[in-house]
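Just below is one structure, and these are the notes that go with it.
The values are calculated or read from the model by the stated rules, or taken from the named source; none is laboratory data. Keep in mind that what you see is a predicted model, and the values were worked out from it rather than measured. Glycine gets a Cβ as well: all are built from the backbone with ideal geometry, and neighbour counts include every protein chain shown.
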Amino acid sequence: MSASTASTNYTPKTKVGRITNFVDERVGGSGILREFGRKVFPDHWSFMFGEVALYSFVILLLSGTFLTFFFDPSMTETVYKGSFVPLKGVEMSAAYNSSLNISFDIRGGLFMRQVHHWAALLFVASIAVHMLRVFFTGAFRKPREMNWVVGGFLLILAMAEGFTGYSLPDDLLSGNGLRIIDGVIKSIPIVGTYISFFLFGGEFPGTHIISRLYTLHILLIPAIILLMIAVHLFMVVVHKHTQYPGPGRNDHNVVGYPLGPVYAAKAGGFFFIVFGVVALMAAAFTINPIWNYGPYDPSPVSAGTQPDWYIGFVDGALRLMPGWLFGIPMEWHVPLPWGTNTLTLNVLLPALVPAGIIFAVLFTYPWIERWITKDNREHHVLDRPRNAPTRTAIGVAGFILYCVMWAAASSDLIATHFHVSLNDVTYWLRALFFIGPIIGFIVSKRISLALQRKDREIALHGRETGRIVRLPHGEFIEVHAPVDEYKRYKLVGFESPLPLPATPNAQGVVDRREKRRAKLSRWFFEDRVAPVTPRELEAAHGHGHHEEIAAEEDKKAVIR
Amino acid sequence: MGDHSHDSPTGSDVVAAAGQSETERFQDPGIPPHRPRLADTDPRAAKRAERQVAILFAVSVIGTLLFFVGYFAFDPNASIGTLRLQNLFLGLGTAFAMLGIGVGIVHWAKTLMPDHEVSEERHAIRTEDDRVAAEKIVEDILEETGIKRRPLIRNTIIGALALAPLPAIVMFRDLDNSSLSVDRLRHTMWKEGVRLTRDPSGTPIKASDVTIGSAFHVIPEGLNESPNKLEEKAKAVVLLMRLDPAALHPSPGREDWGYNGIVAYSKICTHVGCPVALYEQQTHHLLCPCHQSTFDLTQECKVIFGPANRPLPQLPIKVDSEGYLVAQSDFHEPVGPSYWERG
């Protein structure tokens with residue numbers, strides 16, 4: 001072996017050297033350290049959302065393991081004998097009983113439950129915000145399309161993990177949540193009723209659902225999430241991290257801090273900060289006080305019920321959909337040769353269609369944009385959202401669609417808090433569901449273009465100093481200070497592609513698909529603000545005194 | 001701000017000028033020069049930062065001690081208020097322990113560790129050589145298996161692989177270990193003569209107990225002793241209300257389903273099955289708190305707002321010889337959310 005010959009040539013002199021040598025001669029690893037020890041990572045606050053997601057998952061594993069030692073996932077009927085007085089002697093399932101015991105009779109159990117629940121809410125939230133960051137900065141472009149898809153799966157898995165966990169305590173609130181899920185499943189044509197029977201082991205609620213959800217929650221879904229995180233991080237290493245545009249940054253390099261020590265310290269320290277913040281929330285803010293709800297019983301329900309936030313958009317969609325639309329029933333009785341079947345669109349449509357559209361667009365968007373722009377290059381420098389106005393507008397439209405549904409999940413609380421009619425809130429939200437995304441698209445696109453114009457203004461004429469000077473002939477002007485070349489490069493160093501007209505294919509024909517693509521390309525790129533060129537800058541300065549130019553133009557603006 | 005003609009976004013001259021040729025673009029000035037931090041130049045500032053980091057780590061130690069105080073100092077059998085205080089101690093202790101370390105390390109990294117930005121080259125993920133070689137290897141492997149030349153093997157293995165996972169799916173048949181009868185969704189515990197009793201105590205209700213404007217949450221008699229209590233309850237719960245008989249407008253054939261203005265309706269929402277628990281006495285509206293479907297009691301619980309489509313099923317009731325309210329029969333239709341086989 002060459003390793004043995006190498007070891008005779010190399011004699012470590014320091015303690016670190018001796019340890020390294022010992023490990024490397026046996027299992028290798030110095031190569032990995034050499035590759036990664038000083039690997040460069042770009043730094044930006046918005047890159048932390050993904051870290052928050054990773055760290056909250058670690059917190060979930062730690063706190064969740066603690067909870068499994070005391071939780072009993074059984075629906076066997078038992079009588080509560082714990083120390084929470086109001087529920088003493090109440091019949092309940094073993095699952096609810098053990099959840100109460102964790103809260104009241106295991107020291108630190110309540111704290112762990114709250115850490116687990118807050119971390120779960122944070123986990124889904126940070127994934128969502130991370131994906132928004134990736135979308136708006138164009139980080140999903142080649143070569144990262146597949147990692148974007150992995151991220152999308154992680155979001156769905158996180159929501160599934162959250163929902164299965166939310167149901168486990170078998171309290172009244174989560175039981176009603178399961179009841180809604182049962183109603184939604186039953187609306188699925190042909191197989192829905194049977195899926196419901198299989199899931200609940202018979203009729204709702206049955207005695208199996210908690211233990212089944214438990215297996216999913218602590219074994220299957222976390223295992224898949226772990227696998228997906230491994231794939232996700234592996235791809236991050238393969239691709240190296242993206243970076244924001246700026247001086248010295250381009251698609252062929254990566255500028256930032258070396259992993260050791262700065263980046264590792266910042267990222268490692270950040271884990272403790274995330275844990276600390278979650279602990280602070282768990283200390284001060286009650287989450288899911290299951291003891292207030294009581295055990296699950298199909299008859300009572302508390303007013304103002306809310307699902308966990310990430311399920312809210314589906315629940316809100318269920319609330320928005322009217323059962324009757326302009327006098328047309330949304331439940332259809334379909335005559336078929338063997339009898340009449342029921343298609344309950346008032347449940348099926350809102351439960352599946354909006355979420356289906358959002359995730360379908362999310363998963364395919366990198367390919368849609370690549371097809372429209374015909375951009376097959378690798379991108380490692382991010383777009384500032386303003387410099388991709390149409391993409392930003394699409395993202396805002398989707399975000400507003402989501403938020404309208406999300407708000408609808410609290411329609412009753414909006415009504416009671418703001419003293420407005422519940423029916424009016426629903427009517428407004430129904431209208432916003434259609435109008436909101438369109439307004440959001442137009443407004444955010446205009447804002448992006450306006451910000452680009454502001455960038456041009458600053459690059460050409462410098463920044464406003466706030467210093468007002470009176471000229472000899474009596475005119476007041478504000479002095480503009482030119483920006484330095486680094487700042488200016490950030491403002492001008494972006495691409496502003498032109499619409500790509502339809503081009504003939506190999507047969508020399510412009511087919512309909514290509515025409516459609518050209519139309520979309522025009523829609524994507526026709527409104528554009530070109531980056532400042534050196535010639536323009538020279539021209540702007542060439543008219544004599546810079547300040548005078550600014551003054552001159554301000555005057556023109558006033559006259560107009 | 002002026003609308004300067006030369007930065008108009010749609011001006012054709014700008015578009016022409018902004019071609020992507022290198023001479024028309026600004027040169028990248030490179031990474032900006034490093035700006036030294038206070039701690040880089042002033043040894044006293046560095047010393048101060050060092051002390052701050054050490055203090056933060058000390059805060060962490062105090063936080064850990066606080067956790068132990070919270071864990072051991074409280075009586076485990078004390079009141080809820082004590083428990084809340086203990087939770088606060090444990091949480092604050094953990095928070096300080098973690099934030100002390102985290103903020104300390106980050107402060108250390110930001111003030112004392114070198115903050116020179118470094119540039120590293122990116123390399124192509126894979127070379128074209130590799131790609132060509134990989135393609136050739138795959139082609140060669142496929143060629144050597146002969147799968148393209150021997151369609152018999154190809155088709156039989158596809159068939160076998162398609163069928164082999166089926167047992168794994170069929171195995172789950174007994175997730176519902178019954179005959180899978182859809183019919184069970186049509187029936188509840190109600191039948192002729194079953195008394196209406198209060199939820200949850202199970203005491204029967206006399207017609208004379210039900211005054212105008214009152215509402216009762218009702219379960220069938222014997223539910224609490226039923227072996228499948230929750231499953232039966234999930235279908236059988238009923239809301240009982242009495243209003244002025246003149247306010248009710250029963251449809252033909254349903255005139256005698258109530259008694260003297262007392263009517264009983266399924267409490268399970270026809271939308272997705274939440275309990276319709278809110279009765280608005282003045283308007284005679286029933287509201288489901290989950291998705292706000294609203295039913296009008298005076299119109300046989302017709303949907304007047306929200307996502308539900310069907311009225312709540314009515315339970316026909318009468319009075320037995322002792323004056324107790326009893327069911328005339330089961331519901332005439334399945335209760336709760338719609339399903340495909342409902343018809």
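Values as computed for the structure displayed
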item	result
Enumeration of residues in segment A:447-462 that are within 24 Å of the chain's Cα centre (by Cα) and surrounded by fewer than 19 Cβ atoms within 10 Å (Cβ to Cβ)	A:447
Of all residues making up segment B:153-204, the number that are polar (S, T, N, Q) and either in a strand (DSSP E or B) or away from every other protein chain (no Cβ under 12 Å) (or both)	5
Filtered residues of segment A:306-354 (kept if crowded, with 16+ Cβ neighbours inside 10 Å, touching a strand residue (DSSP E or B) at 6+ places or on another chain (Cβ under 9 Å) and hydroxyl-bearing (Ser, Thr, Tyr))	A:342, A:344
Verdict on residue A:439 being in the same structural domain as residue A:316 (by TED's automatic domain parsing), surrounded by fewer than 17 Cβ atoms within 10 Å (Cβ to Cβ) and free of Cβ contacts under 8 Å to residues at least 60 places away in the same chain	yes
Candidate set: segment B:292-309, residues that are assigned to a strand (DSSP E or B) and out of contact with any Lys or Arg (no Cβ under 6 Å at 6 or more places or on another chain); chosen: the one nearest to residue B:213 (Cα to Cα)	B:295
Qualifying residue in segment B:105-121 (condition: under 30 Å from residue B:46 (Cα atoms), of a type in the set (Ser, Thr, Tyr) and not in a helix (DSSP H, G or I))	yes
Extreme residue, nearest to residue A:266 (Cα to Cα), among residues of segment B:117-133 that are surrounded by 11 or more Cβ atoms within 10 Å (Cβ to Cβ) and within 8 Å of chain A (Cβ to nearest Cβ)	B:117
Some residue of segment B:155-171 being touching a helix residue (DSSP H, G or I) at 6+ places or on another chain (Cβ under 8 Å), among the hydrophobic types (A, V, I, L, M, F, W, C) and without any contact (Cβ under 8 Å) to a residue 60 or more places away in the chain	no
Unmet criterion (only one of (1) in contact with a Gly (Cβ under 8 Å, 6 or more places away or on another chain); (2) surrounded by 15 or more Cβ atoms within 10 Å (Cβ to Cβ); (3) away from chain B (no Cβ under 13 Å)) for residue A:359	(2)
Helices (runs of 4 or more DSSP H) fully within segment A:1-118 counting 2 or more residues that are of a type in the set (Phe, Trp, Tyr)	A:48-68, A:94-104
Any hit, segment A:195-212, residues being surrounded by fewer than 21 Cβ atoms within 10 Å (Cβ to Cβ) and in contact with a Pro (Cβ under 8 Å, 6 or more places away or on another chain)	yes
Number of the exception - residue B:308 against (1) crowded, with 19+ Cβ neighbours inside 10 Å; (2) without any contact (Cβ under 8 Å) to a residue 24 or more places away in the chain	(2)
Candidate set: segment B:292-327, residues that are among the polar types (S, T, N, Q) and out of contact with any helix residue (DSSP H, G or I) (no Cβ under 7 Å at 6 or more places or on another chain); chosen: the one farthest from the other protein chains (Cβ to nearest Cβ)	B:321
Residue within segment B:134-146 that is more than 40 Å from the chain's Cα centre (by Cα), more than 8 Å from chain A (Cβ to nearest Cβ) and in a loop (DSSP other than H, G, I, E, B) present	yes
Selection status of residue A:484, out of contact with any Lys or Arg (no Cβ under 7 Å at 6 or more places or on another chain), more than 29 Å from residue A:251 (Cα to Cα) and acidic (Asp, Glu)	no
Extreme residue, farthest from the other protein chains (Cβ to nearest Cβ), among residues of segment B:276-291 that are touching a strand residue (DSSP E or B) at 6+ places or on another chain (Cβ under 9 Å) and buried (at least 23 other Cβ atoms within 10 Å of the Cβ)	B:286
Pairs, first at positive phi and within 10 Å of another protein chain (Cβ to nearest Cβ) in segment A:297-326, second surrounded by fewer than 18 Cβ atoms within 10 Å (Cβ to Cβ) and assigned to a helix (DSSP H, G or I), C-beta under 8 Å, six or more apart	A:304/A:413; A:304/A:416
Elements of type helices (runs of 4 or more DSSP H) contained in segment A:158-261, each with 1 or more residues being farther than 30 Å from residue A:100 by Cβ	A:172-186, A:192-200, A:221-239
Counted residues, segment A:507-542 - those being surrounded by 15 or more Cβ atoms within 10 Å (Cβ to Cβ) and within 12 Å of chain B (Cβ to nearest Cβ)	11
Only listed residue being in a loop (DSSP other than H, G, I, E, B) and among the hydrophobic types (A, V, I, L, M, F, W, C), chosen from B:312, B:286	B:312
Given (1) closer than 30 Å to residue A:527 by Cα; (2) out of contact with any Gly (no Cβ under 7 Å at 6 or more places or on another chain), number of the condition residue A:483 does not satisfy	(2)
Matching option when the condition is in contact (Cβ under 8 Å) with a residue 40 or more places away in the chain and assigned by TED's automatic domain parsing to the domain that holds residue A:127, among A:371, A:367, A:291	A:291
Filter result (farther than 30 Å from residue A:83 by Cα and either part of a loop (DSSP other than H, G, I, E, B) or within 11 Å of chain A (Cβ to nearest Cβ) (or both)) within segment B:58-96	B:59, B:60
Test for residue A:265: is it among the hydrophobic types (A, V, I, L, M, F, W, C) and part of a helix (DSSP H, G or I)	yes
Residue that is modelled with the highest pLDDT [pool: residues in segment A:31-46 that are surrounded by 13 or more Cβ atoms within 10 Å (Cβ to Cβ) and within 21 Å of the chain's Cα centre (by Cα)]	A:46
Sole exception among (1) within 23 Å of the chain's Cα centre (by Cα); (2) within 14 Å of chain B (Cβ to nearest Cβ) for residue A:157, by number	(2)
Qualifying residue in segment A:412-426 (condition: aromatic (Phe, Trp, Tyr) and modelled with pLDDT of 95 or more)	yes
Which listed residue is within 21 Å of residue A:72 (Cα to Cα), β-branched (Val, Ile, Thr) and at pLDDT 95 or above, from A:124, A:129, A:134, A:115	A:115
